[in-house]
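Asker: Take a look at the following structure, please.
Rule-based calculations on the coordinates, nothing more; no lab input. This structure is a prediction, so every number in the text was calculated from the model and none was measured. Please note: Cβ atoms are built from the backbone with ideal geometry, for glycine as well, and neighbour counts cover all protein chains shown.
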Amino acid sequence: MTMYTGGCHCGRIRFEVDGQLDRVSICNCSICSKTGYLHWTVEPERLRLLTELGNWTTYRFLTRKAPRTDSARGAGCHPFAFPVRTPTRSR
């Protein structure tokens, strides 16, 4: 296992993740395809937030069910998200 650190552009959100970065997925939604986001799915217990709750905003796309963190209002940087799992949708 390797520990990776990450965060947003302005530095307000910081986190650590334990895992093996051996596979990412590409989403074809309008936000991910325009920004070039790649998704690395990890179990929630492998993510440690180093930023206090409330130091970011939340953006909910389309169905408003999958929250993405945003570094600051209108910053447009989403360092991590919590996926919505439905029977018709894969990870």
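Asker: List the residues whose amide H sits under 5 Å from the amide H of Cys8, counting only those 5 or more places along or on another chain, with H placed 1.01 Å from N in the peptide plane.
Answerer: Long-range HN contacts for Cys8: Ile13.
Asker: Which parts of the stretch 42-56 would a label at Glu16 reach, counting a residue when its backbone N lies under 16 Å from a point 7 Å out along Cα-to-Cβ?
Answerer: Within reach of a label on Glu16, which here means backbone N under 16 Å from a point 7 Å along Cα→Cβ, the stretch 42-56 contributes 45-52.
Asker: Okay, moving on. Please order Val17, Val42, Val24 by the number of other Cβ within 10 Å, starting at the fewest.
Answerer: Ordered by Cβ neighbours within 10 Å, fewest first: Val24, Val42, Val17.
Asker: While we're on this one: At what distance in nm do the modelled label points of His9 and Ser25 sit from each other, each positioned 7 Å from its Cα along Cα→Cβ?
Answerer: Distance between label points: 2.6 nm.
Asker: Quick one: Karplus J couplings for the stretch 30-38, per residue in order, coefficients 6.51, -1.76, 1.60, θ = phi - 60°, nearest Hz, x for Gly and Pro?
Answerer: Residue by residue, the stretch 30-38 yields 5, 6, 5, 5, 6, 9, x, 5, 10 Hz.
Asker: Please turn the phi angles of the stretch 11-25 into ³J(HN,Hα) values with the Karplus equation 6.51 cos²θ - 1.76 cosθ + 1.60 (θ = phi - 60°), one per residue in order, whole Hz, x for glycine and proline.
Answerer: Once rounded to whole Hz, the list reads x, 5, 10, 9, 7, 10, 9, 9, x, 10, 8, 10, 7, 10, 10.
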